[in-house]
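Heads up: the structure comes next, in structure tokens.
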Amino acid sequence: MKKLFLFVFFVHLNNLFAQQLDPAIESKVNALIDQMTIEEKIGQMNQYNGFWNVTGPTPKEGDAAEKFQNLASGLVGSMLNVRGVEEVREVQKIAVEQTRLGIPLIIGFDLIHGYKTVSPIPLAESASWDLESIKRSAELAAKEAAAAGINWTFAPMVDITRDARWGRVMEGAGEDPFLGSQIAIARVKGFQGEDLSLPGTIAACAKHFAGYGFAEAGRDYNTVDIGLNTLHNMVLPPFKAAADAGVRTFMNSFNDLNGIPSTADRYLQRDILKKDWNFNGFVVSDWGSIREMIDHGYAKDRKHAGELALKGGSDMDMESLIYIEHLKSLLEEGKVKVSEINDAVRRILRVKFELGLFEDPYRYCNETREQLVTGSKEIVEGALDMAKKSIVLLKNHDKLLPLKKKDQKIALIGPLAADKNSPLGNWRIAAENESAISLLEGMKNYKGNELIYEQGVRLINKIPAGFHEEVDINEDDYSGIEAAVRAAENSDIVIMVLGEYGFQSGEGRSRAHIDLPGLQQDLLEAVYEVNKNIVLVLMNGRPLILNWADEHIPAILESWHLGSQSGHAIAQVLYGDYNPSGKLPMSFPRSEGQLPIYYNQKSTGRPGANGGDNGSVFWSHYGDEKNSPLYPFGFGLSYTTFSYSDIQLSNDIMNDGEDIIASVIVKNTGNKTGKEVVQLYLKDHYASAVRPTRELKGFELVELKPGESKKIEFKINRQLLSFYNALGVWEAEKGDFTVFIGTDSNTKRKASFVLN
Ligand code: GLC
């Protein structure tokens, strides 16, 4: 018991540091709360979307007029989707100069992967496994957004997911809680920096709390039904990592979790987040999620929804307009307590003070800085650097890549080859349309070869009017295929650029079939008939079904949606000016029937690797599909090769308080400098709750010159072996463990030890 107490004590100590309170701020918060009326307190809990173009006349009728009146009366605490110094200054002036107490607004925005300069989608950045670069990418995004008046981002999205049908896989860090936790920390630190009051840093937001990535059948907003073991061991770790990294806000999720909408889930928001994790920032609801509890069948009406949300720990109401409408009467009827309102308001004011908004409400409103920072060389170069590092080489038969730089006739074919929109991905709200560098433009930078471009087939029939519209896929116009085939016939090599339109992944973008959409497969096979020297460049926001391509196409490059600098990044990798170093953060399935598919699965009682006992059917398998993914988690090739020595362990017994050092020697056995992500997986052979067959517990990104070797060491300690066990306690359990170290989650290189 003593050991458990000490462990809990040290974990709590860590939380205290991460969520340390500043006494000076606390006294200001308390002094302000004492002056506030109940209406003004509730106003702080009310968040509006930008409801009028502030550079135009103020609204005089309808709900916009009412919203404007509330803003001018100090009944609004935050706004989202107001951007640009001019607009932000206008709304801030109303809040600060026209209201009784002049409490500044906190201005939120979905800075998911860049602002005007768009970085790779988060799933792509996660494929870099480069924590420093991911942190830098968030830092640069914060800089550009802060210069436009934004001081709070609704990111990082840290939802673990194993189902590529779900559109929002593009927004997170994939299927693994360890990688997801490390990336959550990097993004929070990138956005918030060391000092939140600096004008180039912004408050971050861990979302969507919790379980959203486990939406049943991969259908967005669908119900989530998972056990405590999965919740605590798979879903919560990245949120806990974000809290420990000092994230200042959380956003709850649309889904119900085991029957309770997260927006009103006391267990999640009060017991775990605010009590156990000692989180002292604030929780914002997702868009309208308080109101949606009526649709869930959890709240009788709007007023009841407001009561449930506040009691469940939601501090700010994003666009349900329920807190502003009903909290006062709920208080008067004794349905909610003033202490619950005060706690929410305290949390919100705390973050505003930390941002320095009371000291200078216009700290983020500097037109000169906005001009200087937006699209600056530093930010554009950062987007290119991140994009290159996010690319994953999936296949390179006979070293077809990198391309020769001269005397080649290259056919560049596909609906995404010249597309300047799709590479911007889904959350590109602040970016200009058509602002991405297309691959056609990137390839034109290399003058030594002859380049012929053909679209082949249109992917979509018309550009969606915006964010909300279904994408209309071309399913019947084959007219461009003949010209593409002719171009391929007369070329030395063909670069095919296929995948998903930018708005085919993201929120509300689930797909039941995750093959190449439209007529792209027809185009690929028609070109293959006349020229087999094909490099397939994929642009997509999720894992796709690629069986035919993997079987026939000699080189395949996963380039996701890489943002503003997409074309330059891909071209530099194709020509070998950057040696691809990415590794998959999500398994690529062979068929939708395998979903959800993930590497860290349980063994089952009938794992029978080769058909069970003497070929019987009685083992966990499909009669018509393999169990394994087409490409596993952690997989990615390079233009060079690496060898690994056997694993050395400093000991094969781990006693109390001891660590074990596991090491390998990695060598670059090729003729190009390259980076390798050395991955450490652990297997806990038996425990009070069944454990995954292996789990990522460490990785190191290492760059080696040709012939160069490096010893890579991992420290294994009890914390690394701990899990949420059958008793609901985080601890390591004695027993047998196996260490795997290698180039992806399929590695067979192993060594064993015993934990005493
Ligand atoms: C959306 C998303 C959430 C986003 C919010 C504000 O519906 O679920 O991730 O931050 O609304 O745009």
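Computed from the coordinates by the stated procedures, all read-outs in this text should not be read as laboratory data. Since this is a predicted model, take the numbers as computed values, not measurements. Note that each Cβ is placed from the backbone with ideal geometry, even for glycine, and that neighbours are counted across all protein chains shown.
At-a-glance table
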{"item": "Burial ranking of peptide ranges 662-670, 65-73 (average Cβ count within 10 Å, highest at the top)", "result": "662-670, 65-73"}
{"item": "Other-chain or far-sequence residues with amide H under 5 Å of TRP730's (modelled H)", "result": "ASN725"}
{"item": "For the chain, size of Cβ-based charge dipole, Lys and Arg +1, Asp and Glu -1, in debye", "result": "1680"}
{"item": "HIS552-ASP646 pseudo-label distance in nm [points 7 Å out on the Cα-to-Cβ vector]", "result": "4.5"}
{"item": "Dipole magnitude of segment 605-709 about its Cα centre (Cβ charges: Lys, Arg +1; Asp, Glu -1), debye to nearest 20", "result": "380"}
{"item": "Part-to-part distance (alpha-carbon centres) for segment 150-165 and segment 371-404, which is given in Å", "result": "22"}
{"item": "Antiparallel DSSP beta bridges within the chain, as percent of all bridges there, nearest 5", "result": "55"}
{"item": "Spacing of the two label points (7 Å from each Cα toward its C-beta) at ILE463 and SER73, in nm", "result": "4.3"}
{"item": "Euclidean distance of C-alpha centroids, segment 98-137 and segment 28-88, integer Å", "result": "22"}
{"item": "Computed over segment 385-574, the ratio Rg/Rh where both radii use C-alpha atoms and Rh is Kirkwood", "result": "0.94"}
{"item": "Helix-derived mean residue ellipticity, 222 nm - over the chain, DSSP H n ≥ 4, -39500 (n - 2.57), to 500", "result": "-8500 deg cm²/dmol"}
{"item": "Dipole magnitude of segment 385-574 about its Cα centre (Cβ charges: Lys, Arg +1; Asp, Glu -1), debye to nearest 20", "result": "880"}
{"item": "Label-point separation, THR673 to LEU101 (7 Å along Cα→Cβ), nm", "result": "5.7"}
{"item": "Segment 574-587 - phi-based ³J(HN,Hα) in whole Hz, Karplus 6.51/-1.76/1.60, Gly and Pro as x", "result": "4, 8, x, 6, 9, 7, x, 10, x, 9, 5, x, 9, 5"}
{"item": "Relative contact order of the chain, defined on C-alpha pairs under 8 angstrom at six or more residues apart (%)", "result": "13"}
{"item": "Segment ALA483-SER663, length gained on full extension (0.36 nm per residue, minus Cα span)", "result": "59.3 nm"}
{"item": "Distant-in-sequence amide H partners of GLY375 (H built 1.01 Å from N, under 5 Å)", "result": "THR117"}
{"item": "Charge dipole of the chain about the Cα centre (unit charges at C-beta), most positive-ward option of HIS397, ALA217, SER422", "result": "HIS397"}
{"item": "Cα-based reach from LYS405 at 18 Å (exclusive), listing lysines while leaving out same-chain residues under 8 positions away", "result": "LYS444, LYS447, LYS672"}
{"item": "Members of LYS41/LYS335; LYS583/LYS711; LYS404/LYS705; LYS275/LYS300 lying beyond 24 Å, as alpha-carbon distances in this model show", "result": "LYS275/LYS300"}
{"item": "Cα centroid separation - segment 685-704 against segment 544-599, whole Å", "result": "24"}
{"item": "Largest-first principal axis extents of the Cα set of segment 518-660 (Å)", "result": "57, 42, 26"}
{"item": "Residue (of TYR478, ALA344, LEU755) at the positive-pole extreme of the chain, dipole from beta-carbon charges", "result": "LEU755"}
{"item": "Top positive-direction residue, dipole computed over the chain with Cβ charges, set VAL54, GLN719, LEU574", "result": "GLN719"}
{"item": "Relative contact order for segment 310-432, counting Cα pairs under 8 Å that sit 6 or more residues apart, in percent", "result": "15"}
{"item": "Added length on full extension, which subtracts the Cα-Cα distance from 0.36 nm per residue, GLU325 to ASN627", "result": "103.5 nm"}
{"item": "J(HN,Hα) series, segment 732-744, from Karplus relation 6.51 cos²θ - 1.76 cosθ + 1.60, nearest Hz, glycine and proline x", "result": "8, 10, 4, x, 8, 10, 10, 9, 10, 9, x, 8, 6"}
{"item": "Distant-in-sequence amide H partners of SER752 (H built 1.01 Å from N, under 5 Å)", "result": "VAL739"}
{"item": "³J(HN,Hα), Karplus 6.51/-1.76/1.60, whole Hz, each residue of segment 555-565, x for Gly, Pro", "result": "9, 9, 10, 8, 10, 6, 10, 8, x, 4, 9"}
{"item": "Set of aspartates and glutamates near LYS28 by C-alpha distance (under 16 Å), chain-local residues within fewer than 8 positions excluded", "result": "ASP343, GLU354, GLU359, ASP360"}
{"item": "Rg ratio (alpha-carbon, reference 2.2 N^0.38 Å) - the chain", "result": "0.97"}
{"item": "Calculated FRET value between LYS93 and ALA217, using beta carbons and R₀ = 41 Å, to 0.05", "result": "0.30"}
{"item": "Against the rule of thumb 2.2 N^0.38 Å, how large the Cα Rg of segment 365-479 comes out", "result": "1.33"}
{"item": "Share of alpha-carbon pairs per 5 Å distance bin for segment 640-755, given as whole %", "result": "2, 12, 22, 21, 17, 11, 7, 5, 2, 1, 0"}
